[in-house]
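> One structure, as structure tokens, below. Some questions next.
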Amino acid sequence: MDTIIEGIGLALTWQSLLAVVLGVVAGQILGAIPGLTASMAVALLIPYSFYFDPWVGIPMLLGMFKGSLFGSSVTAILIRTPGTPAASATVLDGYPLARAGKGAKAIKMALYASVFGDTFSDVCLIFFASILALVALKFGPAEYTLLILLALGSLGMLSSRPVWKGLVATLIGVMIGIIGLDPITASERLTFGNPELEEGIGLIPMLIGFLAVSEVFRQMGGSNRELSSKATRYSGKREDNRVSWPEFRGCIPVLFRSSAIGTAIGAMPGLGSTVAAFIAYGEARRTSRKPEEFGKGALEGVAAPEAANNAVSGANLIPLLAFGIPGDIAAALILGALMVQGVNVGPLAFSQNPLPIYAIYAALILANLINLAIGLGMLHVARFAFSVPRRLLLASVLAIAAAGSFALRGSLFDVQLVFVFGVAGYLMMRHGFPPVPLLIGFILMPLLEENLRTVLLLAPTYDEHILFIFRRPAFLALLAIMGSAIGFVLWRRRRSRPAGRTGA
Amino acid sequence: MRRIASVLGGFALVVSMLGIAAADGYPSKTITLICPYSAGGGGDTATRIVAKLAGDLMGVQINVENKTGGGATIGIGATAKAKADGYTLSFISTSPITIRPHMMDAPYHPLEDLSYVGQIVSSNQPLIVRADSEWKTLADVIAYAKANPGKLRWSTSVQRGGPHVAVEAMFGKEGVTATYVPFRGGSKVLAALLGGTIDLAMISEGNKATLDGQTRILAEGTPGRNPVNPDAPTLTEAGYPIAPAIFFGFAGPANLPGEVLAKWDEVLPKVVASPEFQKLAEQRKWSLKHAGSAEFTKIVTMDYEAAKKTIAEIGMK
């Protein structure tokens, strides 16, 4: 007990409080700029971390990562530009809400959902880290394949009418996703001998091009009067600018489910926050009473991906603290910072020196509270910043798109890609091809391919060949959960029909 | 206090640099250090820390620019094409220099288009199994692989990297086949090993995992013995074709002026010996090994030729 209090004390000094505030502010601003990520900022700061007290540096890191996830959703909602890939699912309902004048409501929902997701996964981390990590370690390529199939199943329903256009968009996404190295043989595919294409097309140029730049092109076609008007309009009605208690209460089941999805996916090294956000969005839509509102400005459609992507960031620390395995680049940077400071994390940390771990717990919870407080303040800044005349905003979005895509890996090729994708996205939009199936094809299909082909590669090494998957307890458990979920849906449908109710 | 001291120190350095600027021209302006790996990785951290420490020592600003892609060959290729004046240098590691050019069209020839400035780190690549594995020695692994062709599942952090080639060469010499299962990066390989998807791995993460009691080291894939388990033989000691050095270092375009190389030969040992760098290396379990320009060029040339021969023999592409 004394160690717990001492550990919490480490993270609750005024210096670390200030560090969290600075981290959250920097994170929210960086997160809002596509191409600039919290990871980059942290990497820049690492050479200076020797001169910091660890309990200033680490809380700052945590604040920065949490802040950046919320910051990226602000631009996703207001100008259809996800600052980081994790916020791409937030665009789906956030942007329609903003266009209806309910931008402030959407951002507040995103903030509450982010903090909810963060807190949920932090609590899971604190109380169940070792168990969750142990279970997550049992997830291998076979289980990932099943999970991605599940995600595709629930997201398949997102494809809009007509079906063939959604299918074509998916295939275009898959085609772009194929470019690069074959995941198993590491031979080049569709690279045409260009080394710039060898590592594949980045998610950031894809998102900026297809979502942000294409929308700029569309708006540039508007009348002069439209172009001189304010870029984002806010409804004058009070209820359009806040999240009421009944609205929040309505989202609570979605928040819990999405946070659980995010925590589970975050605990497994290999899927990541963008995938979690899309899965949570698909699940929220599948279980919603009004699925037809999704994509047109459903509040649940903002809550689900935001809760899930933030939950991933907390849960990424689960394999780190339990096994010393960083779940993503953020966790890897935190591991690096801890190691520079001489703090050991991993299976022996709890018995050797648990003090820093309790301090991390305290810093995590603290960062959540500060993220909430600063986010509410940031909302006003964002409202002000995006109230400039539309023609000015459009020009700046193009400039930021170019700069951000260059900053990511110092490649002019990526800048060209952004504009090529912008034109392609505009043409697709004009002809009614939805962008979401394209992104799903691009993000999920390569993951499906990689995992499925790893399973096929593994199969000959087992005596029972491909049937080895049925000897894996995690695979069977997952199969049982999925089977019962499908069974439940069928049962509910059957029951609701004779009663004369119209099923969803 | 420390801050003030370092600012004063920096100021003093600038002044002294100005004083000798006429006699010793390099460096007189900002140096760009290209890092061919993305921000946040081990190579990036090493580059940034060297940029800060060496910049302080030389009294100039050193900017780090991440230029990634093509398995690190794009950033190094850009350096090879830069002006050979010492103001554009690149961080380098083993694979894009001694291994990958034998299997792909790299935008440079490692022995013709680059000058080697110095090595700072050599990292261990332990061959590990789970702590509860029945394999206690390298011979146990080989015996299993012989008895069960193709059934041994293993991995390394980078497909077609140095450790991958070294282990393939070992299997090639024993005439056994095993299944290489690719993953993206060492932490995912460690997760797959601990989770039972694979049974053998050669990753630098193995040192920490072994200290944590999760894995056991059976052999070492680089020239020197592994400090965590000095009893484990290196692959060459065990009679296998290669155990390539896995290094971090710096290179510039071909024909760098002698003045530039001399300056870095003077500065890099100080960087490596600094308490900041020592601390980082100790935590990351890097062995610090400074090799000056001449020695580093020799190491690279030797490893390049050895890898060329081995890769041709085992027919890896």
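> Only one of (1) more than 30 Å from B:T32 (Cβ to Cβ); (2) modelled with pLDDT of 95 or more; (3) open to solvent by 40 Å² or more (accessible area, probe 1.4 Å) fails for B:D199. Which number is that?
(3)
> Among the residues of segment A:327-345, write down those that are over 20 Å from A:A11 (Cβ atoms) and facing chain B (nearest Cβ under 7 Å).
Step one: filter segment A:327-345 for residues over 20 Å from A:A11 (Cβ atoms), giving A:327-329, A:332.
Hits for segment A:327-345 are A:I329, A:A332.
> Across segment B:55-75, what is the total count of residues that are assigned to a helix (DSSP H, G or I) and within 11 Å of chain A (Cβ to nearest Cβ)?
The total comes to 5.
> Quick one: count up the residues across segment B:278-317 that are open to solvent by 70 Å² or more (accessible area, probe 1.4 Å) and at pLDDT 90 or above.
8
> When you scan segment A:390-426, how many residues do you find that are of a type in the set (S, T, Y) and within 16 Å of A:P85 (Cα to Cα)? Break it down into steps so the answer makes sense when it comes.
Residues of segment A:390-426 that are of a type in the set (S, T, Y), as a first pass: A:396, A:405, A:411, A:426.
Within this subset, residues satisfying the condition of being within 16 Å of A:P85 (Cα to Cα) are A:405.
Adding up the residues that qualify gives 1.
> For A:A26, work out the one condition from (1) buried (at least 24 other Cβ atoms within 10 Å of the Cβ); (2) in a helix (DSSP H, G or I); (3) of a type in the set (G, A, S); (4) more than 14 Å from every other protein chain (Cβ to nearest Cβ) it doesn't fulfil.
(1)
> Now for a different question. Hey, B:M302 hits all of (1) in contact (Cβ under 8 Å) with a residue 24 or more places away in the chain; (2) not in a loop (DSSP other than H, G, I, E, B) but one; which does it fall short on?
(1)
> Could you please give the count of residues in segment B:124-145 that are open to solvent by 10 Å² or more (accessible area, probe 1.4 Å) and within 14 Å of chain A (Cβ to nearest Cβ)?
Within segment B:124-145, residues that are open to solvent by 10 Å² or more (accessible area, probe 1.4 Å) and within 14 Å of chain A (Cβ to nearest Cβ) number 4.
> Quick check on B:A78: is it over 26 Å from A:A337 (Cβ atoms), in contact (Cβ under 8 Å) with a residue 60 or more places away in the chain and open to solvent by 20 Å² or more (accessible area, probe 1.4 Å)?
Here the answer is no, as B:A78 does not meet what is asked.
> On to the next question. Among (1) among the small types (G, A, S); (2) open to solvent by 40 Å² or more (accessible area, probe 1.4 Å); (3) at the interface with chain A (Cβ under 10 Å from one of its Cβ atoms); (4) within 18 Å of the chain's Cα centre (by Cα), where does B:S204 come up short?
(3)
> Residues that are open to solvent by 20 Å² or more (accessible area, probe 1.4 Å) and at pLDDT 90 or above: list the helices (runs of 4 or more DSSP H) wholly contained in segment A:329-417 that include at least 1 such residues.
Those helices (runs of 4 or more DSSP H) span A:355-385, A:390-409.
> Another question, then. Does A:L438 satisfy the criteria of being within 12 Å of another protein chain (Cβ to nearest Cβ) and surrounded by 13 or more Cβ atoms within 10 Å (Cβ to Cβ)? Step through it out loud before you land on a result.
Working: within 12 Å of another protein chain (Cβ to nearest Cβ): no; surrounded by 13 or more Cβ atoms within 10 Å (Cβ to Cβ): yes.
For A:L438, the condition - within 12 Å of another protein chain (Cβ to nearest Cβ) and surrounded by 13 or more Cβ atoms within 10 Å (Cβ to Cβ) - is not met.
> Within segment B:280-303, which residues are at negative phi and within 14 Å of the chain's Cα centre (by Cα)? Write out each step before concluding.
Step one: list which residues in segment B:280-303 are at negative phi, which gives B:280-284, B:286-303.
Within segment B:280-303, B:A281, B:R284, B:W286, B:S287, B:L288, B:K289, B:H290, B:A291, B:F296, B:I299, B:V300, B:D303 meet the criteria.
> Sticking with this one: Please list, ordered by residue number, the helices (runs of 4 or more DSSP H) wholly in segment A:265-326 having 3 or more residues that are within 14 Å of another protein chain (Cβ to nearest Cβ) and under 29 Å from A:L134 (Cβ atoms). Show your work before the answer.
Values: elements: A:273-287, A:300-315, A:317-323.
By residue number, A:317-323.
> Look at segment A:106-140 and say how many of its residues are open to solvent by less than 10 Å² (accessible area, probe 1.4 Å) and farther than 24 Å from A:L321 by Cβ.
Count: 6.
> Of the residues that sit in segment A:450-467 and are closer than 15 Å to A:F139 by Cβ, open to solvent by less than 30 Å² (accessible area, probe 1.4 Å) and not polar (S, T, N, Q), which one is nearest to the other protein chains (Cβ to nearest Cβ)?
Looking at residues that are closer than 15 Å to A:F139 by Cβ, open to solvent by less than 30 Å² (accessible area, probe 1.4 Å) and not polar (S, T, N, Q), I get A:L458.
> Any idea how many residues of segment B:146-176 are at the interface with chain A (Cβ under 10 Å from one of its Cβ atoms), at positive phi and either open to solvent by less than 20 Å² (accessible area, probe 1.4 Å) or free of Cβ contacts under 8 Å to residues at least 60 places away in the same chain (or both)?
Here the count works out to 1.
The values are calculated or read from the model by the stated rules, or taken from the named source; none is laboratory data. Just so it is clear, the structure is predicted and the values come from calculations on it, not from any experiment. All Cβ positions, even for glycine, are placed from backbone atoms using ideal geometry, and neighbour counts span all protein chains on display. We work out accessible area using only protein heavy atoms, side chains counted, and drop any ligands, DNA or RNA first. Shrake-Rupley method; radii C 1.70, N 1.55, O 1.52, S 1.80 Å.
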